[in-house]
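Visitor: Just dropping this structure here.
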Amino acid sequence: MAYDVEKPDEQWRAELTPAEYQVLRRAGTEPAFRGEYTDTTTRGVYSCRACGAELFTSNEKFSSHCGWPSFYDPKDSDAVELIEDRSHGMVRTEVRCSRCGSHLGHVFEGEGYPTPTDQRYCINSISLRLEPAED
């Protein structure tokens, strides 16, 4: 798929830290319960750390106790793209930034969370940047 933001791999490596690169461009996963935004309750907008696209808001963030920030819906329906992921011997749905194709995490359905969508977008903190709301 063609993205609005496309860069050579060398440029992504130069712009991102090694840990950011591993998650965002190599579909890695940060350790559970250690991410910057796992338990954050600050109001604001969460953007893609790679390209700055607005992805989620604090209004849809909820505490799932899974070890990563969780949201029940993206900010806009076209903010993310969902791709079937058959890695690690299971079938999941990968969540990517629709602007640059960076890996964000996975979305899970039907887990019984009391949310309007019954979905849990399980997103790596390192793939996000929070812009706090102005009060």
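Readers should treat all values here as calculations from the given coordinates under stated rules, not as data from a laboratory. What you see is a predicted model; the values in this text were computed from it and never measured. No Cβ is skipped: glycine too gets one built from the backbone with ideal geometry, and neighbour counts run over all protein chains shown.
Visitor: Return a yes/no flag: does the stretch 105-124 have any residue that is closer than 19 Å to LYS7 by Cβ and outside any strand (DSSP E or B).
Guide: To start, the set of residues in the stretch 105-124 that are closer than 19 Å to LYS7 by Cβ comprises none.
Among the residues of the stretch 105-124, not one is closer than 19 Å to LYS7 by Cβ and outside any strand (DSSP E or B), which makes the answer no.
Visitor: Restricting attention to the stretch 52-84, which residues are closer than 21 Å to LEU16 by Cβ and surrounded by fewer than 18 Cβ atoms within 10 Å (Cβ to Cβ)?
Guide: Going residue by residue through the stretch 52-84, those that are closer than 21 Å to LEU16 by Cβ are 52-56, 68-69, 79-81, 83.
Scanning the stretch 52-84 gives GLY52, GLU54, GLU81, ILE83.
Visitor: Another one. In the stretch 1-86, which strands (runs of 3 or more DSSP E) lie fully inside it and hold 3 or more residues that are more than 22 Å from GLY112 (Cβ to Cβ) and under 11 Å from the mean Cα position of the chain (by Cα)? Can you show your working first?
Guide: Working: elements: 44-48, 54-57, 80-85.
Passing ranges, in order: 44-48.
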